[in-house]
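Contents: one structure, followed by commentary.
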Number of protein chains: 2
Amino acid sequence: MADSQPLLSLDGDPVAAEALLQDVFRIVVDEVIRKGTNASEKVCEWKEPEELKQLLDLELRHEGESQEQILERCRAVIRYSVKTCHPRFFNQLFSGLDPHSLAGRIVTESLNTSQYTYEIAPVFVLMEEEVLKKLRALVGWSSGDGVFCPGGSISNMYAVNLARYQRYPDCKQRGLRALPPLALFTSKEADVPPSDQRGCCHYSIKKGAAFLGLGTDSVRMVKADERGKMIPEDLERQISLAKAEGAVPFLVSATSGTTVLGAFDPLEAIADVCQHHGLWLHVDAAWGGSVLLSQTHRHLLAGIQRADSVAWNPHKLLSAGLQCSALLLRDTSNLLKRCHGSQASYLFQQDKFYDVALDTGDKVVQCGRRVDCLKLWLMWKAQGGQGLERRVDQAFALARYLVEELKKREGFELVMEPEFVNVCFWFVPPSLRGRKEDPDYSERLSKVAPILKERMVRKGSMMIGYQPHGTLSNFFRMVVANPALTRADMDFLLNELEWLGQDL
Amino acid sequence: MADSQPLLSLDGDPVAAEALLQDVFRIVVDEVIRKGTNASEKVCEWKEPEELKQLLDLELRHEGESQEQILERCRAVIRYSVKTCHPRFFNQLFSGLDPHSLAGRIVTESLNTSQYTYEIAPVFVLMEEEVLKKLRALVGWSSGDGVFCPGGSISNMYAVNLARYQRYPDCKQRGLRALPPLALFTSKEADVPPSDQRGCCHYSIKKGAAFLGLGTDSVRMVKADERGKMIPEDLERQISLAKAEGAVPFLVSATSGTTVLGAFDPLEAIADVCQHHGLWLHVDAAWGGSVLLSQTHRHLLAGIQRADSVAWNPHKLLSAGLQCSALLLRDTSNLLKRCHGSQASYLFQQDKFYDVALDTGDKVVQCGRRVDCLKLWLMWKAQGGQGLERRVDQAFALARYLVEELKKREGFELVMEPEFVNVCFWFVPPSLRGRKEDPDYSERLSKVAPILKERMVRKGSMMIGYQPHGTLSNFFRMVVANPALTRADMDFLLNELEWLGQDL
């Protein structure tokens, strides 16, 4: 029965709510912000899954628990979680802890609203527009459109869907069966998944093609050169081939910053090909987009202003926090809303007392949409474009430092000179040094990285990813992204690998 | 040049980071947790967009700002944001502030990891599995699969994609052109968008069909009865009609808790039809799924255990925070991974030192995926299934109280007796009372809700949505979801509408 009392939980009791949150916040400060970022603490506390299940006591029961038990649960969750903010976490394309971003995320979570209308998200509707405008300006566009998506893969899908809709608006209503067979193009390099992500990432174009009903066969793989860059001449060849087979080319997805090698496709040359054939140029700059902030390095993306769409994830190199994934469009014809909108405006009231053009909900295929702009806006306000630029430049400089140090040491071999902050290298253990000509060298070398990975994780000293690549045996991919890194952390990486691998 | 010093931002300076976060947290406590939930404060501080832009000074500049300025920005963001936690925010299907959930969200944000591998999210991989298992058990399944998605619309798309893949595994590679024309079915009622969401929500099936390449024409609309429930006999008719037109029916999307009326489709009868025709039964229980927690009310979803997939958003009725959207599957054949996986296991290393079956990244079409399980897990641990059940029961009871009070007052008219916590009603202002037979009654009545909405928002006293529905003029849709609500809030709603509309 409802009476005038709220439930006996903390509902309607802001004093108790505040007390709980104060306690949890203190745990977060102690265990994540202090200990988690402290190089002398472990980056992870490895447990086998069965043991971890026991330790966490995950089962959800009928009875609730005391506040003290809940606090202990928060401590346990943190204890056994990987500290992605730790200065020795080199495993992913995201790392570090930006306090301004985290502040923005805490405010976002406390306000708990959805991005779809000015009515319920007035601040965030205007803020998203402003942030997207700034990102577009860095691409080189003075106008355009865009939206924050739940991750780069969905940004890429949006781009593919927009491109096919622009060419065949009919497909929205009638579906792909009404269309000729379509073809889209991306490089083989973009298709390479890091093993640490179990093949989810740069399969995004193929995964997207399957999800969007095009089928993976519609994705044509363009050759990449030895540095991982798409070869424009091969793109031409693949387009001709697709046409000869009766398919209609409609989109090229170039990559600015591939996942493993950190390669940048030659956008000018690719844009020429797209222009010649009338194809939509999408640039997957999820990883490399943040380089646009650097006057020194933005030449790597020269030509990006000629794209039709760009996917850019500030949650990666800028440490804006998962997720912060912008899809940017050059379009000024309201394509987003026409493509994704319900196109039934006669059904909707236009009788609101404010300009309903501010209601962005119909731009997306989702309904509720998280607020992903505040964290980036707040860190930009605090550090300025200037501070973010220095962060990017510092990552490049530290990666260069690592490369130079690595060259001085026996047992380290670069896969190639990096042009970005992915430093790919082999650690060659003592027993394999000078034995490159041995027939089983490759096979033996390929076993080194997995063993070292296991050792570092069990020890909790650091985390770094590895993968094979084409015909190349397993090598480490070091990612220099955490803005708190120093040269000491680079030295540590090399020393630690030598230490862990001295008996191999 | 990189040297051994971190940047002059707060990077690598946990003491400064902590000080900033302490200050921001204090602002959140004061402005959101205390004032935001206080009924004597405003629910919103309405500003016209141009004025708000000035007040917020949104521009992103080259120079950074001082800590004091950043704190002031946080205050301004909160000041002008709608307080969805306020006891007079009745506008959406989510509201309220659950402190345990918010605690879980703060921990999630501070740990900032992605859900894809056991390696980088050991706690959350196991926890997601456990939470999904619990939700499945409430559906009535002792086994199955599932995943948290970025919103209910994407859960629905996943279901449609899985259903077509199960029937035509070929389509993943070859696309829809290799398939016969497909047909899926949902009720007209499920297709009704609330105007306050600008048509984004329950267009999800149509939007999804367009995005997935099926086209909106593939969605067949089944009639609903006067209470908004799908009519199984009409579903039969529509299936026959689709077949006669040469289409292949493959999926029915039933709704448990429609957005406007809160209607529950008759799942048993629909399941019979699906079984007879061999169709995939998806239940969009984004809104109504949480009723499964209540022994008293779960009969509304009787038959849900016969579904193939269920979309359930605990961020709605359970106040788990945006977003918490589960897609649950009865399947035990690893359909999710087969459908969405890159199917290129030969490319991936199986040389990890733990069971790679724990790496769930390949179950989804996204790459990075937010951790959405901790907030729900923590609130469940704290309150128990018991506490959550009481929360659901209390919402029903308060909705009933509101209905009874509303009947006692002149000028309020129910659209229908609610069976859920959506209470739909007209406020008939003094000048329209007793004039139902006037030819312009409907037209005049339809103008009342927009005027009252504007008045309440400008005053900041409360927020409640309205929309027309079929031939019915604009009516209010009251949503009783915030667990902190009391009878006094229901009385306030009625009094306030009378006050705001006394001169109409």
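The values are calculated or read from the model by the stated rules, or taken from the named source; none is laboratory data. None of the values given here were measured: they were computed from a predicted structure. Cβ atoms come from the backbone with ideal geometry, glycine included; neighbour counts cover every protein chain shown. Remember, those area values only see protein heavy atoms, side chains included, never the ligands or the DNA or RNA. Shrake-Rupley method; radii C 1.70, N 1.55, O 1.52, S 1.80 Å.
Observations
- Residue that is most open to solvent (accessible area, probe 1.4 Å) [pool: residues in segment B:223-252 that are under 25 Å from the mean Cα position of the chain (by Cα) and acidic (Asp, Glu)]: B:226
- Residue that is over 21 Å from residue A:107 (Cα atoms), more than 7 Å from chain A (Cβ to nearest Cβ) and part of a helix (DSSP H, G or I), where the choices are B:71, B:132: B:132
- Cross-chain or 6+ apart pairs with Cβ under 8 Å, segment B:56-67 first and within 7 Å of another protein chain (Cβ to nearest Cβ), then small (Gly, Ala, Ser) and part of a loop (DSSP other than H, G, I, E, B): B:64/B:9
- Scanning segment B:259-279 for residues that are acidic (Asp, Glu) and closer than 30 Å to residue B:425 by Cα gives B:265, B:268.
- Residue list for segment A:467-504, restricted to those being in a loop (DSSP other than H, G, I, E, B), more than 12 Å from chain B (Cβ to nearest Cβ), modelled with pLDDT of 95 or more and more than 10 Å from residue A:427 (Cβ to Cβ): A:502, A:503
- Number of positions in segment B:24-45 that are under 13 Å from residue B:99 (Cβ atoms) and of a type in the set (D, E, K, R): 1
- Tally of residues being part of a helix (DSSP H, G or I), in contact (Cβ under 8 Å) with a residue 24 or more places away in the chain and among the charged types (D, E, K, R) across segment A:105-123: 1
- The set of residues from segment B:77-90 being without any contact (Cβ under 8 Å) to a residue 40 or more places away in the chain and open to solvent by 10 Å² or more (accessible area, probe 1.4 Å) comprises just one member, B:80.
- Look at (1) open to solvent by less than 10 Å² (accessible area, probe 1.4 Å); (2) over 23 Å from residue B:119 (Cα atoms); (3) not assigned by the TED database to the domain that holds residue A:310 and you find that residue A:120 fails only one, number (3).
- Test: residue A:23 is without any contact (Cβ under 8 Å) to a residue 24 or more places away in the chain, more than 7 Å from chain B (Cβ to nearest Cβ) and surrounded by fewer than 18 Cβ atoms within 10 Å (Cβ to Cβ): no
- Some residue of segment A:261-283 being open to solvent by 10 Å² or more (accessible area, probe 1.4 Å), at negative phi and of a type in the set (S, T, N, Q): yes
- Number of the condition not met by residue A:301 [criteria: (1) open to solvent by less than 10 Å² (accessible area, probe 1.4 Å); (2) touching a residue at least 40 places away in the same chain (Cβ under 8 Å); (3) in contact with an Asp or Glu (Cβ under 8 Å, 6 or more places away or on another chain)]: (3)
- Failed item, numbered, when residue A:407 is tested on (1) surrounded by 17 or more Cβ atoms within 10 Å (Cβ to Cβ); (2) over 30 Å from residue B:58 (Cα atoms); (3) charged (D, E, K, R); (4) in contact with a strand residue (DSSP E or B) (Cβ under 8 Å, 6 or more places away or on another chain): (1)
- If the condition is being among the polar types (S, T, N, Q) and either open to solvent by 10 Å² or more (accessible area, probe 1.4 Å) or at pLDDT below 95 (or both), then segment B:325-342 contributes B:332, B:333, B:334, B:342.
- Hits in segment A:150-173 (condition: open to solvent by less than 20 Å² (accessible area, probe 1.4 Å), in a helix (DSSP H, G or I) and touching a strand residue (DSSP E or B) at 6+ places or on another chain (Cβ under 8 Å)): A:152, A:154, A:155, A:156, A:158, A:159, A:160, A:162, A:163, A:164
- So residue B:359, is it surrounded by 21 or more Cβ atoms within 10 Å (Cβ to Cβ), farther than 21 Å from residue B:483 by Cβ, modelled with pLDDT under 95 and at the interface with another protein chain (Cβ under 7 Å from one of its Cβ atoms): yes
- Test result for residue A:438, part of a loop (DSSP other than H, G, I, E, B), out of contact with any His (no Cβ under 6 Å at 6 or more places or on another chain) and open to solvent by 30 Å² or more (accessible area, probe 1.4 Å): yes
- Tallying residues that are touching a Pro at 6+ places or on another chain (Cβ under 9 Å) and crowded, with 17+ Cβ neighbours inside 10 Å within segment A:481-491 yields 6.
- Counted residues, segment B:466-477 - those being buried (at least 23 other Cβ atoms within 10 Å of the Cβ) and either of a type in the set (Ser, Thr, Tyr) or within 16 Å of residue B:96 (Cβ to Cβ) (or both): 1
- Here residue A:424 passes the criteria (1) in the same structural domain as residue A:172 (by the TED database); (2) open to solvent by less than 10 Å² (accessible area, probe 1.4 Å) except the one numbered (1).
- All of A:321, A:368 fail the test of being open to solvent by less than 10 Å² (accessible area, probe 1.4 Å) and within 10 Å of chain B (Cβ to nearest Cβ), apart from A:321.
- Single match in A:126, A:102, A:93 (criterion: of a type outside the set (Gly, Ala, Ser), open to solvent by less than 40 Å² (accessible area, probe 1.4 Å), in a helix (DSSP H, G or I) and out of contact with any Asp or Glu (no Cβ under 9 Å at 6 or more places or on another chain)): A:126
- All positions within segment A:48-70 that are among the charged types (D, E, K, R) and buried (at least 16 other Cβ atoms within 10 Å of the Cβ): A:53, A:65
- Residue in segment A:31-47 that is farthest from the other protein chains (Cβ to nearest Cβ), counting only those that are part of a helix (DSSP H, G or I) and either open to solvent by less than 60 Å² (accessible area, probe 1.4 Å) or touching a strand residue (DSSP E or B) at 6+ places or on another chain (Cβ under 6 Å) (or both): A:31
- Any hit, segment A:6-14, residues being out of contact with any His (no Cβ under 8 Å at 6 or more places or on another chain) and either assigned to a helix (DSSP H, G or I) or at pLDDT 95 or above (or both): yes
- Output for segment B:135-144, where each listed residue is outside any loop (DSSP other than H, G, I, E, B) and either buried (at least 24 other Cβ atoms within 10 Å of the Cβ) or not charged (D, E, K, R) (or both): B:135, B:137, B:138, B:139
- For segment A:401-433, filtering for residues that are out of contact with any Pro (no Cβ under 8 Å at 6 or more places or on another chain) and within 14 Å of chain B (Cβ to nearest Cβ) leaves 6.
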